Amino acid sequence: MDGSPRTDLDCRMISIVVLVLGILALLLAASLFSLLEHASEAAQIQHLREQAAKGDRGAKAALRRAGDPESAATAARLGAIFALILAGALAGAAASDGRGGLDWLPGLAAVLGIAAAATILADVAPRVLAASRPEWFAARLARTVGPATAAIEPLARRLRRAGGFLAARLGARNAERASGVEQRIKDLMNAGAESGGFDPSKHAIFKRVFRFCDRRARALMTPRDQVVWLDVRDTPEEIARKIVLSPHASLPVCDETLDNLLGMVQMKSLLARGAEGQPTRFKGLLTLPDFIYEGTRGPQILDVLRKAATGAAVVLDEYGSVVGVITLADVRDALLGTMIEKPEEESPRAVQRPDGSWLLDGRFPIDEFVDLFQIPRPAQGEFDTLGGLVVTKLGRIPRVGEGFQDLGLRFEVVDMDANRVDHVLVRPLDLAR
């Protein structure tokens with residue numbers, strides 16, 4: 001009979017099966033949209049061009065999408081969002097009691113189930129798959145899912161413009177977008193390193209490159225009190241001794257003090273003159289040094305050093321005083337790590353003590369400090385070293401024994417060199433107790 005309970009039950013079961021199949025189809029669609037987005041972001045254009053040159057239609061379609069990557073990514077993201085919203089609506093319909101109501105327990109189960117499935121299928125899995133074979137997925141999906149995203153792109157462009165207008169009203173700047181792209185690249189590299197798809201040594205080098213770009217000259221230079229410089233009044237014996245002590249290929253030549261800088265001299269020129277039996281004189285050997293402000297960042301420093309005749313530059317503070325010297329060797333060490341082992345008598349910058357605390361050099365770079373303790377970077381300030389952080393937090397030049405607590409750590413000044421923080425004892429608060 002048409003109105004029998006069994007017939008109603010059969011219809012109800014059929015509708016539930018249809019709804020479940022619809023939910024699964026929508027979750028699959030969201031997963032494909034998300035996979036297309038992440039694969040397109042991770043794919044290398046050069047590899048796609050090589051595949052397209054061989055006649056791969058998918059690679060050609062992926063290259064067309066790369067012409068406007070932001071609109072294409074927004075369209076793919078929008079497609080995934082639409083699919084997930086529809087899946088949630090179908091889940092609500094499947095959990096209803098048949099009279100238009102929604103029992104709270106089945107409804108809650110439906111919401112949690114969709115949330116879990118969306119996280120796995122539309123976020124985690126696409127990220128991992130895209131990182132493993134980005135060009136392959138970008139080429140395959142550009143032909144299958146690409147037409148759907150192309151249909152959504154006009155709406156995606158309008159939404160992007162609306163979002164940009166709102167962000168501008170709230171004070172956002174284009175630099176924030178650039179920093180978001182940089183963070184996305186870092187996230188992809190970290191995900192690749194964790195999954196084993198990205199060689200750890202390559203990951204370490206790229207990490208150093210990003211860190212170098214953020215560092216300022218004051219964090220990269222050889223500081224003033226460690227600069228080996230020649231005095232015009234030095235004897236040949238003193239010059240020879242200083243050449244042996246210096247790791248640099250060129251040295252500043254000064255008149256009595258480092259602030260009375262006369263120029264830079266290359267060691268090979270001095271040694272060649274000595275080998276010819278001529279007296280050790282600086283006349284005719286000095287070159288005008290390049291100067292860098294201590295707040296200059298890594299990429300600009302590299303540009304200056306490339307053009308410098310001696311491969312070195314003198315670092316000045318805002319008052320024009322010499323605060324250090326920076327060379328291509330310092331840049332190399334920042335990018336690749338220290339290439340020359342330090343003498344045994346020179347104390348290391350970081351030593352972990354048996355009780356779990358760390359004795360750190362005051363010049364320890366703040367970005368390495370953040371990585372060492374796995375903590376968020378301190379609020380931006382005019383400091384690039386641990387000593388600068390201590391002075392900033394205390395608001396004055398500290399005394400030995402002074403300290404403070406911040407970032408889940410206990411800081412204590414254990415040594416001063418005149419007005420400079422020489423060594424700091426850092427202890428996690430759980431150990432401090």
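The values are calculated or read from the model by the stated rules, or taken from the named source; none is laboratory data. Worth saying up front: this structure is predicted, and the values here are computed from it rather than measured. We place every Cβ from the backbone using ideal geometry, glycine too, and count neighbours over all the protein chains shown.
Please work out which residue is farthest from residue 227 (Cα to Cα), limiting yourself to the range 319-328 and to residues that are surrounded by fewer than 21 Cβ atoms within 10 Å (Cβ to Cβ) and more than 28 Å from the chain's Cα centre (by Cα).
Among them, the one singled out is 319.
Could you pull out the residue among 294, 318 that is farther than 28 Å from residue 372 by Cβ, not β-branched (Val, Ile, Thr) and not assigned by TED's automatic domain parsing to the domain that holds residue 368?
Just a single option satisfies the conditions, and that option is 318.
On the basis of being modelled with pLDDT of 85 or more and basic (Lys, Arg), does residue 242 make the cut?
Criteria met by residue 242.
Scan the range 205-216 and give yes if some residue there is closer than 19 Å to residue 334 by Cβ, in contact with a helix residue (DSSP H, G or I) (Cβ under 6 Å, 6 or more places away or on another chain), at pLDDT below 80 and in a helix (DSSP H, G or I), otherwise no.
no
For the range 253-372, which helices (runs of 4 or more DSSP H) that fit wholly inside it have 3 or more residues that are hydrophobic (A, V, I, L, M, F, W, C) and at pLDDT below 85?
Because the criterion is at least 3 residues that are hydrophobic (A, V, I, L, M, F, W, C) and at pLDDT below 85, the helices (runs of 4 or more DSSP H) in the range 253-372 that meet it are 267-275, 328-336.
Given 36, 86, 19, 28, which one is at pLDDT 80 or above and buried (at least 18 other Cβ atoms within 10 Å of the Cβ)?
36
Return yes or no: is residue 396 surrounded by fewer than 16 Cβ atoms within 10 Å (Cβ to Cβ) and assigned to a loop (DSSP other than H, G, I, E, B)?
On the way: surrounded by fewer than 16 Cβ atoms within 10 Å (Cβ to Cβ): yes; assigned to a loop (DSSP other than H, G, I, E, B): yes.
So residue 396 passes the test.
Give just the number: which of (1) assigned to a helix (DSSP H, G or I); (2) surrounded by fewer than 16 Cβ atoms within 10 Å (Cβ to Cβ); (3) touching a strand residue (DSSP E or B) at 6+ places or on another chain (Cβ under 9 Å) does residue 233 not satisfy?
Checking residue 233 against (1) assigned to a helix (DSSP H, G or I); (2) surrounded by fewer than 16 Cβ atoms within 10 Å (Cβ to Cβ); (3) touching a strand residue (DSSP E or B) at 6+ places or on another chain (Cβ under 9 Å), the one that fails is (1).
Please go through the range 198-215 and give me each residue that is surrounded by 13 or more Cβ atoms within 10 Å (Cβ to Cβ) and farther than 24 Å from residue 377 by Cα, ordered by number.
198
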